[in-house]
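What follows is a set of notes on a single structure, which appears directly below.
The values are calculated or read from the model by the stated rules, or taken from the named source; none is laboratory data. Bear in mind the structure is a predicted one, so any value in this text is a computation, not a measurement. Using ideal geometry, Cβ is built from the backbone for each residue, glycine included, and neighbour counts are taken over all protein chains shown.
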Amino acid sequence: MTYSGVVRAGGPADVHELTDLMISKVSVGPMDNNSYLLRCRATGEQLLIDAASEPGTLLRLIGEDSITAVVTTHRHADHWQALAEVVAATGARTWAGAYDAEGIPVPTDRPLQDGDVVRVGRVELTARRLVGHTPGSIALIFDDPHGHPHVFTGDCLFPGGVGNTRKDPEAFASLLHDVETKLFDALPDETWIYPGHGKDTTLGAERPHLQEWRARGW
């Protein structure tokens, strides 16, 4: 089946099958957050990105193979509501951006710095700190050796713009700068973007609108 990235709360996961990695995307309520289960195809090891809500839904998605870690993209509460229950059920380690860890009530086992490598089995992802939506938001980049990059952006980049910076010009400028320099300037148009809410996109689809975002200020 062709992956669309279109999911809805209460509905099934959509699975993106890559050569080395399987990415299962599910939406959980009440704010239609996206959670992503990453599975190394060589080893079967699994990692969850954002235990946002509905621990039962997430634990069914994880299945009997369990997970080794949960990465929380940022400190906002809608992205960690199920974290404590998922960790209790799986024994997974917790990872989050070093500058957001204090805002997450479940202790962070591994605070991530910009450029740190996150491993799931034989697959490596690179953490990039994006400042503005929160002080320590992170994106995770999988540079697929068999294709194009795949990036999990939390609430920092969506179809149509960067994340909410609460009408703070300094925060907006910071977030746009980091998204431009660490994502748009570093990665090709084919790069697939998996956001914290809603539909997926690509850098190529969003790149023509960067000046429009800068002009409107959000």
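Just a few scattered comments:
- The one condition in (1) over 13 Å from the mean Cα position of the chain (by Cα); (2) in a strand (DSSP E or B); (3) aromatic (Phe, Trp, Tyr) that Trp213 fails to fulfil: (2)
- Exclusive hit being within 19 Å of Lys25 (Cα to Cα) and in contact with a strand residue (DSSP E or B) (Cβ under 9 Å, 6 or more places away or on another chain), set Val117, Val151, Val179: Val151
- Selection of the range 1-30 for residues being in contact with a helix residue (DSSP H, G or I) (Cβ under 8 Å, 6 or more places away or on another chain) and either at pLDDT below 95 or part of a strand (DSSP E or B) (or both) yields Ser24, Val26, Val28.
- Considering residues of the range 31-63 that are among the β-branched types (Val, Ile, Thr) and part of a helix (DSSP H, G or I) only, the residue farthest from Ala127 (Cα to Cα): Thr57
- Flag for Trp218 being touching a strand residue (DSSP E or B) at 6+ places or on another chain (Cβ under 9 Å) and not in a loop (DSSP other than H, G, I, E, B): no
- Taking the listed residues Thr181, Thr153, the one that is under 23 Å from Arg75 (Cβ atoms), in contact with a Pro (Cβ under 8 Å, 6 or more places away or on another chain) and not in a loop (DSSP other than H, G, I, E, B) is Thr153, with no other qualifying.
- Check on Thr94, within 28 Å of Leu176 (Cβ to Cβ), polar (S, T, N, Q) and buried (at least 20 other Cβ atoms within 10 Å of the Cβ): no
- Restricting attention to the range 104-133, the residues that are touching a helix residue (DSSP H, G or I) at 6+ places or on another chain (Cβ under 9 Å) and more than 23 Å from Pro149 (Cβ to Cβ) add up to 6.
- Search result, residues across the range 164-181 that are more than 11 Å from Trp218 (Cα to Cα) and surrounded by 17 or more Cβ atoms within 10 Å (Cβ to Cβ): Ser174, Asp178, Val179
- Sole residue being without any contact (Cβ under 8 Å) to a residue 40 or more places away in the chain and either out of contact with any Gly (no Cβ under 6 Å at 6 or more places or on another chain) or surrounded by fewer than 16 Cβ atoms within 10 Å (Cβ to Cβ) (or both), chosen from Leu47, Leu61, Leu18, Leu37: Leu37
- Verdict on Ala139 being touching a helix residue (DSSP H, G or I) at 6+ places or on another chain (Cβ under 9 Å), crowded, with 18+ Cβ neighbours inside 10 Å and either assigned to a loop (DSSP other than H, G, I, E, B) or modelled with pLDDT of 95 or more (or both): yes
- Within the range 101-119, if we keep just the residues that are more than 15 Å from Ser137 (Cβ to Cβ) and among the charged types (D, E, K, R), the residue that is nearest to the chain's Cα centre (by Cα) turns out to be Arg119.
- Residue pairs whose Cβ atoms lie under 6 Å apart, separated by 6 or more positions or on different chains, with the first residue in the range 89-107 and more than 14 Å from Ser66 (Cα to Cα) and at pLDDT 95 or above and the second of a type in the set (Ser, Thr, Tyr) and in a strand (DSSP E or B), are Ala96/Thr72; Ile104/Thr72; Val106/Thr94.
- Search result, residues across the range 64-75 that are in a loop (DSSP other than H, G, I, E, B), crowded, with 21+ Cβ neighbours inside 10 Å and touching a helix residue (DSSP H, G or I) at 6+ places or on another chain (Cβ under 7 Å): Ile67, Thr73, Arg75
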